[in-house]
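Below you'll find the structure, written out as structure tokens, and then a few comments.
The values are calculated or read from the model by the stated rules, or taken from the named source; none is laboratory data. What you see is a predicted model, and the numbers here were worked out from it, not measured in a lab. Cβ: placed from backbone, ideal geometry, glycine included. Neighbour counts: every protein chain shown.
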Amino acid sequence: MVYLTRKIEFSASHLYHNPAFSPEENRRIFGKCNNPHGHGHNYTLEVTVAGEPDPVTGMVLDLKWLKEILEREVMQRMDHRHLNYEVPELQGQIPTCENIARVIWNLLEPKITQGKLHRVRLYESADLFADCYRNGTGGAK
Amino acid sequence: MSGELKVELGRRYRFAASHRLHSSRLSEAENRRVYGKCNNPYGHGHNYTLEIRVSGDVDPATGMIANLADLDSFVQSEVLGAFDHCSLNDDVPAFRETVPTTENLCLEIFQRLKSFPKARLEAVRVEETANNSFEYFGESPEGTQP
């Protein structure tokens, strides 16, 4: 098995706010991330696909094809968007790294038909990221 | 599709510390041969980067596996406060006898962080320099490998 990783970057704004919490609770739990007008990040997304190289082409998949999927599913949805207001898949969820990574996994998994989606890693900053993978696939390593 | 979906939270921290690689079980000449410059008597330092990953259920109310403030303060009190701007050999009791290689540093940090109450510690990765990194996943009862 070979693991291939493609990286893309997108920029988006968000804020953390749960309407079920009081303003004080929101402030206490989410801190600065609760600022009402939101803030933004440069996100880095690493998408890892596992597969066997094709004996003829030597490739696990066609990178152009993967690039197009990422453009369509992630960039067009999230780049230069406000994640709370403009991404339907995140409606009703706090747009944390964990939740965005999971949404991206759910968008990509059915589309990755060459090889198998192995791991989605989303960096909100160089020091904070979330990984999403299926249990038992070694995605954690 | 195998397995349920898992999410992990990863966080990176930095600390600066000095160490000297020297084993009391080796002769002076052997220490010199095995550890090279790292055996120089007064030690030397690194800017370490610590990367940890924790897993758990994502709380629907917060969108979080663990609140970052809780994780950061735990890592600060258990590791960074004890290691940053310290001599690992002299200031950290675990390294009085054990050689403070980055391999052993990973094991020690895993021990210190595995009791984090809000999520399960999955991995500890330490970069001694930008070119050397070490990672420890704890002892798996099944002995499973990636």
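Tell me which of these residue A:14 doesn't satisfy, since it passes every other one: (1) within 15 Å of the chain's Cα centre (by Cα); (2) modelled with pLDDT under 95.
Evaluating residue A:14 over (1) within 15 Å of the chain's Cα centre (by Cα); (2) modelled with pLDDT under 95 leaves (2) as the failure.
Out of the residues in segment A:43-62 that are touching a residue at least 40 places away in the same chain (Cβ under 8 Å) and exposed (fewer than 13 other Cβ atoms within 10 Å of the Cβ), state the one that is nearest to the chain's Cα centre (by Cα).
Pass one, segment A:43-62, residues touching a residue at least 40 places away in the same chain (Cβ under 8 Å): A:43-53, A:60-62.
Applying the additional criterion that residues be exposed (fewer than 13 other Cβ atoms within 10 Å of the Cβ) yields A:52, A:62.
On the way: A:52: 24, A:62: 21 Å.
Looking at the filtered set, the residue picked out is A:62.
Just to be sure, is residue A:25 assigned to a helix (DSSP H, G or I), at pLDDT 95 or above and within 19 Å of the chain's Cα centre (by Cα)?
No; evaluated as a whole, the condition is false for this residue.
Could you check residue B:29 against (1) more than 30 Å from residue B:77 (Cβ to Cβ); (2) assigned to a loop (DSSP other than H, G, I, E, B) and say which number it fails?
With (1) more than 30 Å from residue B:77 (Cβ to Cβ); (2) assigned to a loop (DSSP other than H, G, I, E, B) applied to residue B:29, the lone miss is (2).
Take residue B:103 and decide whether it is under 16 Å from the mean Cα position of the chain (by Cα) and either within 14 Å of chain A (Cβ to nearest Cβ) or not in a strand (DSSP E or B) (or both).
Answer is yes for this residue.
Considering each residue of segment B:1-20, count those that are more than 14 Å from every other protein chain (Cβ to nearest Cβ) and in contact with a Ser or Thr (Cβ under 6 Å, 6 or more places away or on another chain), and give that number.
Of the residues in that region, 1 qualify.
State yes or no: is residue B:20 of a type in the set (Lys, Arg), modelled with pLDDT of 95 or more, touching a Leu at 6+ places or on another chain (Cβ under 9 Å) and closer than 25 Å to residue B:114 by Cβ?
Values: of a type in the set (Lys, Arg): yes; modelled with pLDDT of 95 or more: yes; touching a Leu at 6+ places or on another chain (Cβ under 9 Å): yes; closer than 25 Å to residue B:114 by Cβ: no.
When the stated conditions are applied, residue B:20 does not pass them.
Condition first: at pLDDT 95 or above and assigned to a loop (DSSP other than H, G, I, E, B). Can you find one or more residues in segment B:49-56 that meet it?
yes
I need the strands (runs of 3 or more DSSP E) fully contained in segment A:30-141, keeping only those with at least 2 residues that are more than 14 Å from chain B (Cβ to nearest Cβ) and over 26 Å from residue B:137 (Cα atoms).
Filter on segment A:30-141 gives A:39-51.
Restricting attention to segment B:91-100, report how many residues are in a helix (DSSP H, G or I) and more than 12 Å from residue B:22 (Cβ to Cβ).
Total meeting the criteria: 3.
Scanning segment B:106-126 for residues that are loosely packed, with under 15 Cβ neighbours inside 10 Å and within 14 Å of chain A (Cβ to nearest Cβ), which turns out nearest to the chain's Cα centre (by Cα)?
Top of the filtered list is B:120.
Could you list, in sequence order, the residues of segment A:108-136 that are closer than 21 Å to residue A:72 by Cβ, over 9 Å from the mean Cα position of the chain (by Cα) and not small (Gly, Ala, Ser)?
A:108, A:109, A:110, A:111, A:112, A:113, A:114, A:116, A:117, A:118, A:119
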